[in-house]
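The values are calculated or read from the model by the stated rules, or taken from the named source; none is laboratory data. Remember, it's a predicted structure, so these values are computed and weren't measured experimentally. Don't worry about glycine lacking a Cβ; one is built from the backbone with ideal geometry, like all the others, and counts go over all protein chains shown. In case anyone asks, the SASA skips ligands and DNA or RNA and just uses the protein heavy atoms, side chains included. Shrake-Rupley method; radii C 1.70, N 1.55, O 1.52, S 1.80 Å.
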Amino acid sequence: MFLRVLLAGLLLAAASPLWAQEPAEEPAPRLTFVLEVEAKTGTGEIVIELLPDVAPRHVARIMTMNARGAYDNVAFHRVIDGFMAQTGDVEFGRMDDFDWQQVGRGRSNLPDIPAEFSDIPFTPGVVAMARGSEPDSANSQFFIMTADQPSLTGQYTVIGRVLEGMEMVLTLETGLPQLNGMVSYPDRITTTRIE
């Protein structure tokens, strides 16, 4: 009797429809930037694993901006050696209409996003949204860490991490310390894509 019940249970489990089984976990979306680094290596790519489970609203914004082509031809306008590289000023940071006096202050025409802070440590390769003095002021700009900076943890929204191309980040033209890292002749993103 026990053997018949066991066999019936095994047959029932094997015959369960696919919809009744646990769904496979979807891989995290990946954002790829094609860069043009003028003075050093030419072109290359940075691949970023986005973290929608950590910051769903901010990742959705990055994906929306990508779908619009908003990051195409945008400069890495602020790069501080041993700290981070910032880009994403879609208003004043486009290389075809670059505004040296305003770059870094620009945003998209979408509303700012409420903070989604986490306890992910700020280590090299972490990607986070830039913001103003108010926690809920992130919009389109973001930065890639090139060094450890524990004081930023829990203060800025982490949206991803670099999977490939960190060597490209480290070759970006750096800015002057007295200008808070603003770059005179910045390198740029040529195109982006989501996979």
Probe radius 1.4 Å, ligands and nucleic acids ignored: give me the carbon and sulfur share of the accessible area of the range 56-172 as a rounded percent.
48 percent
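All other residues with a Cβ under 11 Å from the Cβ of Asp136 taken together, and with Lys, Arg as +1 and Asp, Glu as -1, what is their net charge? Don't skip to the end; give the middle numbers.
On the way: positive: Arg57, Arg131; negative: Asp112, Glu116, Glu134.
Taking every Cβ under 11 Å from that of Asp136, the sum is -1.
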Could I have the simple spin-label model distance between Ser151 and Thr123, label points 7 Å from Cα toward Cβ, reported in nm to one decimal?
2.1 nm
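Net charge near Pro124, counting Lys/Arg +1 and Asp/Glu -1 over other residues with Cβ under 15 Å of its Cβ?
-4
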Rounded to the nearest 0.05, FRET efficiency between Ser137 and Ala28 (Cβ-Cβ, R0 22 Å) equals 0.30
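Where does the range 43-100 land on Rg/Rh, using Cα atoms and the Kirkwood Rh? Please list the in-between numbers first.
Details: Rg = 12.8 Å, Rh = 12.9 Å.
So for the range 43-100, dividing Rg by the Kirkwood Rh gives 0.99.
For Asp97 and Tyr185, calculate 0.36 nm times their separation in residues minus their Cα-Cα distance, and state this gained length in nm to one decimal.
On the way: separation 88, 0.36 × 88 = 31.68 nm, distance 1.35 nm.
Contour length minus the Cα-Cα distance gives 30.3 nm.
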Distance (nanometres) between label positions extended 7 Å along Cα→Cβ at Arg193 and Ala60
2.6 nm
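Divide the volume of the convex hull of the Cα atoms of the range 113-195 by its number of residues and quote the answer in cubic angstrom per residue.
On the way: hull volume 10.4 nm³, N = 83.
Looking at the range 113-195, the number lands at 125 Å³ per residue.
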